[in-house]
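What follows is one structure encoded as structure tokens, with my remarks underneath.
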Amino acid sequence: MKYIIIGAVAGGASTAARIRRLDETAEIIMIEKGEYVSYANCGLPYYIGDVIKDRNKLFIQDAASFKRRFNIDVKVRTEAIEIHPSEKKVTLLDLYTQKTYTESYDKLVLSTGAVPIKPPIPGIHSANVFTIRDVHDTDLVKAVIQNQKVKHATVVGGGFIGIEMMENLTHLGIKTRVIERAPQLLAFLDEDMALLAKSEIEANGVVVDVNNGLSEIRDNADGSKTIKLENGDEFQTDMVILSIGVLPNNFLAKAAGLEIGQKGGVLVDEYMQTSNSDIYAVGDVIEFHHPICNASYPIYLAGPANKQGRICANNIVNGNTKKFNGSVSTTIVKVFGKTIAATGSNSRLLKNHNIKHITSITHSSSNAGYYPGSTPMVIKIAFDPESGVLLGAQIIGEEGVDKRVDVFSTYVQNKQTIDDLMEFEQAYAPPFSSAKDPVNMAGFVANNIMDKVMQIYNPEDAIEISKKEFLIDVRTPEEFEAGTIPNARNIELDELRNHLTEIPKDKTIYVFCEVGLRGYLASRILVQHGFEVRNLSGGYRFWKNTYGLTVGESEKAFTYN
């Protein structure tokens, strides 16, 4: 059997190596347009930022080592320019000699990845305007930083690469500004969680523009550039990093007549097989049925690409026996002192697909609060209001975020429920967790909501509610004086039973505390005295850090001591 893999790096290299482990006699050819076969693409921003100092550590295998270890013929600087499915041949261009030739195949694997989006903006192709997709891009950026004394950089796009580049440029002492045309950074988060991320970024001296796209790049006589934004603002910068997004590199697949999805990816089935039975595809180029939403999406993540490569190799060697069940898009990114992670679908995506859900926000600690080093984290989960199936989770914190998102990912993948979260059994000792882990706490609160032990209202609605509803801040008078939601009445939790006659029974009562616990206790007291009550999800702290403003004394309506 003869196998050709077009594209290396994560998916292609994984496929090729697995094929060899399964079939020692096969002829395997891997085609790579670039110079490098297998490298740590996700490590590129950290090499630019000098976190990874040794460039060689980015490389996993080169063409020679692949040949020695796996007996795979790796053709670098070779471009596949046409696939002939009926003949089962590929036309290749040797970029060194500029000569074309053909190779036949029994099975073909596409791992052509994605291409960066570069919109037709004036100046976008000028000097010192870069994308970060491969080692070559990285070397160019590194050279400019080292040789041209860059003092200011502009990052266009607030996705993973944009945020990582922003952080690493800042670490180098370069003043950085982030531009994002969308209403928020980090599209995998809901708006409220993205606002927390934006606050962390701005606290580290980065200027952030959201709802404001790039309009023009102009060269200046001194070598700097003038950036013009869509709202008319202008500023000077020395270097521009484009992280606007990517699209599946589907040129070959389209020309070969393979079926393409609505998002531009090559459609594959659960066996990684395209619409042509002899052609498979993996990685950023594919589009696959989303396990939560009734739609197909590309998956721009290295973890799934590597797993797809293994599954694909099994299927083309042994027949279609191994299934890929899809990706729930488990993601994580370091943002200065915070770790931000998510899995499954956020509320915005669920709404777009008309999927009923409830969200719940909880505050927890990375480990026992009385043990040194405990740090706070915010968890937001989405779940089905009838079945309790977990649909997604988002976390922002410092320590322990990674292990909690991995737990949530497992539960989302397996369509497990809120009850399962409550029963999650963690390894507990004070340095590592609490007796009630943050995962458990998210489950307990969601269970209260599902069982109607507690009803909630969302932070984004708090201001409108405060204008017309009866709002009670159940924190202490000292906390209340330090800041509260406009028009809130202060009735401390421990005094609540003494003021029941002052609370109207013909209205829904909206309560809140700092993080939600005292508000929950207040709601239980009031409900059992005949009141209709809602508790603020995430509490005052979450509202204040996202949508809120500290109000002055004149805006506080009532204080009960």
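The values are calculated or read from the model by the stated rules, or taken from the named source; none is laboratory data. Everything numeric in this text was worked out from a predicted model, so none of it was measured. So basically every Cβ, Gly included, is an ideal-geometry build from the backbone, and we count neighbours across all protein chains shown.
Quick notes on this structure:
- Close pairs (7 angstrom Cβ cut-off, 6 or more residues apart or separate chains): of a type outside the set (V, I, T) in segment 321-334, at pLDDT 95 or above and part of a strand (DSSP E or B) anywhere: S329/T343
- The residues of segment 300-334 that are of a type in the set (V, I, T), surrounded by fewer than 23 Cβ atoms within 10 Å (Cβ to Cβ) and under 16 Å from the mean Cα position of the chain (by Cα), listed by number, are T330, T331, I332, V333.
- Some residue of segment 479-494 being within 21 Å of I358 (Cα to Cα) and not assigned by TED's automatic domain parsing to the domain that holds F444: no
- Screening segment 229-295 for strands (runs of 3 or more DSSP E) wholly inside it with 1 or more residues that are under 25 Å from K322 (Cα atoms) returns the ranges 246-248, 279-281, 286-289.
- Against the conditions (1) outside any strand (DSSP E or B); (2) under 30 Å from A8 (Cα atoms), G205 satisfies every one except (2).
- Within segment 335-356, the residues that satisfy the criterion of being buried (at least 20 other Cβ atoms within 10 Å of the Cβ) and in a loop (DSSP other than H, G, I, E, B) are S345, N346.
- Residues that are surrounded by fewer than 21 Cβ atoms within 10 Å (Cβ to Cβ) and either in contact with an Asp or Glu (Cβ under 7 Å, 6 or more places away or on another chain) or modelled with pLDDT of 95 or more (or both), drawn from segment 222-237: S224, T226, K228, L229, E230, N231, G232, D233, E234, F235, Q236
- Selection count where residues are loosely packed, with under 15 Cβ neighbours inside 10 Å and closer than 20 Å to D278 by Cβ, scope segment 92-103: 1
- Picking from residues in segment 394-417 that are closer than 10 Å to V439 by Cα and touching a helix residue (DSSP H, G or I) at 6+ places or on another chain (Cβ under 6 Å), the one that is surrounded by the most Cβ atoms within 10 Å (Cβ to Cβ) is R404.
- Residue in segment 260-282 that is touching a strand residue (DSSP E or B) at 6+ places or on another chain (Cβ under 7 Å) and on the phi > 0 side of the Ramachandran plot present: yes
Conditions (1) aromatic (F, W, Y); (2) surrounded by 20 or more Cβ atoms within 10 Å (Cβ to Cβ); (3) not in a strand (DSSP E or B), marked per residue:
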{"residue": "A442", "(1), (2), (3)": "no, yes, yes"}
{"residue": "N448", "(1), (2), (3)": "no, no, yes"}
{"residue": "V453", "(1), (2), (3)": "no, no, yes"}
{"residue": "K467", "(1), (2), (3)": "no, no, yes"}
{"residue": "L471", "(1), (2), (3)": "no, yes, no"}
{"residue": "E479", "(1), (2), (3)": "no, no, yes"}
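- In segment 211-224, the residues that are on the phi > 0 side of the Ramachandran plot reach residues that are surrounded by 15 or more Cβ atoms within 10 Å (Cβ to Cβ) and in a strand (DSSP E or B) with C-beta atoms within less than 8 angstrom, at least six apart or across chains, in these pairs: N211/E180.
- Residue identified as in contact with a Lys or Arg (Cβ under 9 Å, 6 or more places away or on another chain) and either hydroxyl-bearing (S, T, Y) or under 18 Å from V141 (Cβ atoms) (or both) among I52, I48: I48
- The lone exception for L390 - which of (1) surrounded by fewer than 22 Cβ atoms within 10 Å (Cβ to Cβ); (2) modelled with pLDDT of 95 or more; (3) in contact with a strand residue (DSSP E or B) (Cβ under 9 Å, 6 or more places away or on another chain) it fails: (1)
- Taken over segment 418-436, residues that are within 25 Å of S327 (Cβ to Cβ) and buried (at least 20 other Cβ atoms within 10 Å of the Cβ) amount to 2.
- For segment 389-422, a residue qualifies if it is in a helix (DSSP H, G or I), more than 17 Å from N346 (Cα to Cα) and of a type in the set (D, E), and the qualifying residues are D402, D419, D420.
- For segment 38-89, taking the residues that are among the hydroxyl-bearing types (S, T, Y) and assigned to a helix (DSSP H, G or I), the one that is nearest to T100 (Cα to Cα) is identified as S65.
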